[in-house]
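Here the structure is laid out as structure tokens; the discussion comes afterwards.
The values are calculated or read from the model by the stated rules, or taken from the named source; none is laboratory data. All of these numbers come straight from a predicted model, not from anything done at the bench. Positions of Cβ are backbone-derived with ideal geometry, glycine not excepted, and every protein chain shown enters the neighbour counts. These accessible areas exclude ligands, DNA and RNA; they are computed on the full protein's heavy atoms, side chains included. Shrake-Rupley method; radii C 1.70, N 1.55, O 1.52, S 1.80 Å.
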Amino acid sequence: MNFSSDNVTGVAPEIMAALVATNQDAATPYGEDRATQRLQDRFSELFENEVAVFPVVTGSAANSLALSVLTPPFGAIYCHEVSHINLDECGAPEFYTGGAKLVTLKGEAGKISSADLAKQLATAGTGVVHRVQPAAVSITQATEAGTVYSLDEVRAIAQVTHSHNLKLHVDGARFANALVTLGCTPAEATWKAGVDVLSFGATKNGAMAAEAVIFFEPELAASLGYRRKRSGHLLSKMRFLSAQLEAYLQDDLWLKNGAFANLMADRLATGLAAIPGVELRYPVQANEIFVYLPETVITELFASGFKFYRWEPGGDISLVRLVTAFNTQPDAIAAFVETVKSCLIIP
Ligand SMILES: Cc1ncc(COP(=O)(O)O)c(C=O)c1O
């Protein structure tokens, strides 16, 4: 009954089994082990192109390390104002890049638009010594609002990005959820649409702690190994990280988990939207739901043992966030909807 986040969950059994299996033997440290070596081929096969892969432990490290190679210290990174890199990483992108500036854009439902980006870049002061120099664009897929950029939207953003000689980074903490919704291949969702670097998330979708920075132009990654070590993210027992990622990809576990989380979100959103007095804030396109609920209902839900975050306090009505995951219980969805109904529908 915990809808606070997709990282309140435990570990998917398949991934836990892979960790236990990895624990049987000794292995060469610092990523020279066989599981880590296999990842390069595995991800290249998945993305239908040669990629450079760097496992790390957190999404913040993945984002910040990825961005650190895309921008000089005097560069600018364009992102949405509610993006995780802007609001929730304690300045790590600025720290890892040696001081690059995050320039935020507004945009409905957690998305920036290619038109706004173009407008912003047109007056960015490229070549002006007094101004930070445009270097990268970062979008989140699925977004912090639980929406998904369409392939056309990604392509249009990539086109503007590249026309100004910038690089496009995607924060894919929920990449599996987005991909399931898009119904396309990993390649189509990324480099074929113009993405240069992806933070490929796994922790929110069944791993214990595993993310990967994926470069679609391996040459871009030349300095990443040093940056990862310098930042303390080169694990000596890297095999435990790589084993999680291997198991995550094995038999499409990542897509099955993402599809299940999305299905649960859809079921919850559909159930709630049918109740008078309940209003969804954004279209539900992945595994996060933002919904306006009367305060009396929120109080009753907490009293009934449900856990979730208030997002924006209102007066009588507040915005809350509900997040589903690979192991959300269908019964918990039904119980949540019933509790809201019992508060708002007079028999
Ligand atoms: C959009 C997004 N990006 C990245 C992250 C990664 O965060 P962490 O550094 O906690 O793994 C999160 C986690 O909340 C997220 O929601």
So in segment 96-152, with the set limited to residues that are among the polar types (S, T, N, Q) and over 19 Å from the mean Cα position of the chain (by Cα), which one is farthest from F290 (Cα to Cα)? T126
What are the pairs with Cβ atoms under 6 angstrom where one residue, in segment 171-193, is on the phi < 0 side of the Ramachandran plot and open to solvent by less than 30 Å² (accessible area, probe 1.4 Å) and the other, located anywhere, is hydroxyl-bearing (S, T, Y) and within 11 Å of the ligand (Cβ to nearest atom)? Sequence gap at least six, or different chains. D171/T140; D171/S199; G172/S199
Just checking, how many residues over segment 226-253 are under 14 Å from F326 (Cβ atoms) and touching a Phe, Trp or Tyr at 6+ places or on another chain (Cβ under 8 Å)? 1
Of all residues in segment 149-195, which are in contact with a strand residue (DSSP E or B) (Cβ under 8 Å, 6 or more places away or on another chain) and hydroxyl-bearing (S, T, Y)? Y149, T161, T190
Have a look at A145, A156 and point out the one that is within 24 Å of F216 (Cα to Cα) and either free of Cβ contacts under 8 Å to residues at least 40 places away in the same chain or out of contact with any Pro (no Cβ under 6 Å at 6 or more places or on another chain) (or both). A156
The lone exception for E81 - which of (1) farther than 30 Å from M238 by Cα; (2) more than 16 Å from the ligand (Cβ to nearest atom); (3) of a type in the set (D, E, K, R) it fails: (2)
Take the conditions in contact (Cβ under 8 Å) with a residue 12 or more places away in the chain and farther than 27 Å from Y226 by Cβ and apply them to N49. Does it pass? no
Would you please name the residue that is nearest to L234 (Cα to Cα), looking only at residues in segment 59-70 that are more than 10 Å from the ligand (Cβ to nearest atom) and open to solvent by 10 Å² or more (accessible area, probe 1.4 Å)? V69
Specify the residue that is nearest to the ligand (Cβ to nearest atom); the eligible residues are those in segment 194-232 that are touching a residue at least 24 places away in the same chain (Cβ under 8 Å) and among the basic types (K, R). K204
With the requirement that a residue be under 17 Å from E338 (Cα atoms) and buried (at least 16 other Cβ atoms within 10 Å of the Cβ), what does segment 304-319 give you? F306, F308
Residues (part of a helix (DSSP H, G or I) and exposed (fewer than 15 other Cβ atoms within 10 Å of the Cβ)) located in segment 263-303: T270, A273, E295, T296, T299, F302, A303
Give segment 223-249 a look and list any residue that's open to solvent by 10 Å² or more (accessible area, probe 1.4 Å) and in contact with a Pro (Cβ under 6 Å, 6 or more places away or on another chain), or say none. S236
Residues (farther than 17 Å from D171 by Cα and open to solvent by 30 Å² or more (accessible area, probe 1.4 Å)) located in segment 80-100: F95, G98, G99
